[in-house]
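Inspection log for the structure reproduced underneath, given as structure tokens.
The values are calculated or read from the model by the stated rules, or taken from the named source; none is laboratory data. Keep in mind that this is a model prediction, so the values were computed, not measured. As a convention, Cβ positions derive from the backbone with ideal geometry for all residues, glycine included, and neighbour counts pool all protein chains shown. To get the accessible areas, we keep the full protein, side chains included, count just its heavy atoms, and leave off ligands, DNA and RNA. Shrake-Rupley method; radii C 1.70, N 1.55, O 1.52, S 1.80 Å.
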Amino acid sequence: MSNGGTSSLTVNGSGSLVFANNITTSGSQTYTVSTSIPSGSATLAGTSISFTSLTISGGSLTIGSSSSTTASIDSLTFSSGTLAGSAVVTISAMNWTGGLMSGAGTTTMSGSGVFSMVSGAATYGASGAPSIARTVTVGSDATLTIYRSSTASNYYIYINSTTGNVGNLTNNGTINIDHQTTAGSNYYLQFTYVNAAGTITNSGTINVDLTGSGASTSSYVYNNVSLANTSGTMKTAATSTTSQNSAWLQYGSGSISGTSYGDQGWWLQAGSTTSISGSLYLRTGATSNSQAIVVNGGTLNTGTSTSATIIVEGLDFISGTITGSGTLSLRSKFTWTSGIMSGAGTTCIDNTLLTNIISTGAYYNGDSYAPILRRLLVVPGGATLKVNRGSGYYFNIDNYVTNGILQNEGNLLFTNTDSTYAGYRTILYYFNSPGTINNYGTISATSANSHAIQNIGGSITTIDNKSGGTISATGSNGYAIYGNGGSIGTITNSGIISATGSNGYGIYNYVSGSATSTIGTITNEIGGTISGTSAGINNRKTVNQITNSGTISGAYGIQNSGTITDLTNTGTISGVTYGIQNSGTITDLTNSGTISGGAGSPAILVNSGVITTLTNTGTISGGLYLSGSGAIGTLTNSQGVRNGASLSYTGALPNSYNIIINSLSNMV
């Protein structure tokens, strides 16, 4: 059949029209009868083409060779075959159960008619599941319902891109995804592709099982294509993402971009590499235990721009990787049990809930084991982050490729809420190069035998406790900072470091056997306090330098049975028993502040230890007492009583004794 030139062709009547062989037409065409294409091919090359009712059930229909051709279809039934061409096609109603839409043209659903699509078998193209290789648009006044097939294996919808055929499902209206009760439990719907992934572009609303009847355990949307959300809303009926109930599950190498999303139920599964760009908002629903995103074995990339912010109301980080340069803002429940958080960006806990929990894990360096921090994690003022003892006891902070920094401005609580691990320790560790802890708020451990910060066999570059910050252990046998092997580069304190439980130490440095445990520098600044019920500082291994301009106190201010290379005091070191007890080696001790012991006790007790050089221009209240093999190499003291520098000395005399005379009046 041919309609030549620009003549108009009208086919109407009460019967039907079947294109069963190769048909070519041109000119304007109107088909008011039911038209079907069960086989063969038809090429309609007019400027204006319209169908009242069109069925494609195996053949191929090409409409238009350029975008100047417009076509309207009042009702389309599409079960197999191909709809192709370059025309701008508008559909008023549709039932699409199989077949391919391709070509340079576009298909737009418009109006209040019924539009439906049903998933199919794992076959792309004319004889497979509904397959999109062109731009298919849901208009702003239209609603498309995508049903999950009742056949167990038929869960695919293809959005595919090939040369000249770019697949894009664009939603400007509403898409409802309905798993249907007949699909059974554990049935999911999957957007997928062959060759190259297409895109879902949303500026309308996408609902998963909000209006349908098929929400059941694991009836989720499995997305394997790119998702571009441009101010649209995406909602799921999920109430618990741990059961994946009607969640949106991102899988494969797709990307997410846009400006805002809707409700809960977003998963990134094993094998996925998902890049998020732009400033997004992923929010949960009303339930308190729901997460907007679950990362479980995949990779979430927050993009390359440091100005991008991804706002997430709820994150469950089970395993995998979170990376990128953008800011990840957590507005609701945050849980982290395993996986690597890396990249140049920032993760910020922007909520005041008590459900932000990192669970410690096994020692091994891998995303199936302990949490590993290799980016900036901020706990702002008013926020609380709990580090809870899990099956293992490690939380890793290191500087492998990107810097791991834990910055606390709120409350960082090390606790054991699981009675299975009550009394067990929690350890901060690293695998490659050490990380940093900055504290402006409160870091605390409350259980017996637990420690606010513990480094075992690893290394921490910096612990910086700012003015107003508190690092504390309140349980018995608790240490605020525990260097248990390995090294801590610098501890700087202008706040409070305290251990208030029985047998507590502010800073404790020890590891058993011949293993080393080294602290480079401890600097207690003006206004800073380091205290413990047993001792403010107990060193049994190596500390290179202690500089105190604040207050160090305890039953013993400082206990040393290891090596301290340099100890300089311009503040106060005091002990209920002794200010300083030394049974190890202190190479240089310089005091221009105050060192004091308890009533009737010396300020400095040297029992079987050595102080190579002691220089005092301040106050040593209670004097020096040497017992056993305790020794002082060189003692230099500012002489006299008028400046409060008189010194009581008991025990073996120093090898040399020097007097500092400030003026003749000091000779009194």
Can you give the charge dipole size of the range 317-403 about its Cα centre, rounded to the nearest 20 debye, using +1 on the beta carbon of Lys and Arg and -1 on the beta carbon of Asp and Glu? 160 debye
To make sure I understand the rule: partners must be lysines, Cα under 17 Å from the Cα of Lys386, and not fewer than 8 residues away in the same chain. Which ones qualify? Lys333
Can you give the relative contact order of the range 334-403 as a percent, counting alpha carbon pairs under 8 Å and 6+ residues apart? 40 percent
Once a ≥ b ≥ c are taken as the square roots of the eigenvalues of the Cα gyration tensor of the range 43-84, is the result rounded (a/c under 1.5), prolate (a/b larger than b/c) or oblate (a/b not larger than b/c)? oblate
Given axes a ≥ b ≥ c from the Cα gyration tensor, I'd like to know whether the range 469-547 is rounded (a/c under 1.5), prolate (a/b larger than b/c) or oblate. oblate
Can you give me the % of accessible surface on the range 91-200 that is carbon or sulfur? Probe 1.4 Å, all protein chains present, nothing else counted. 48 percent
Any idea how far apart Thr355 and Thr230 come out in nm if each label point goes 7 Å out from Cα toward Cβ? 3.5 nm
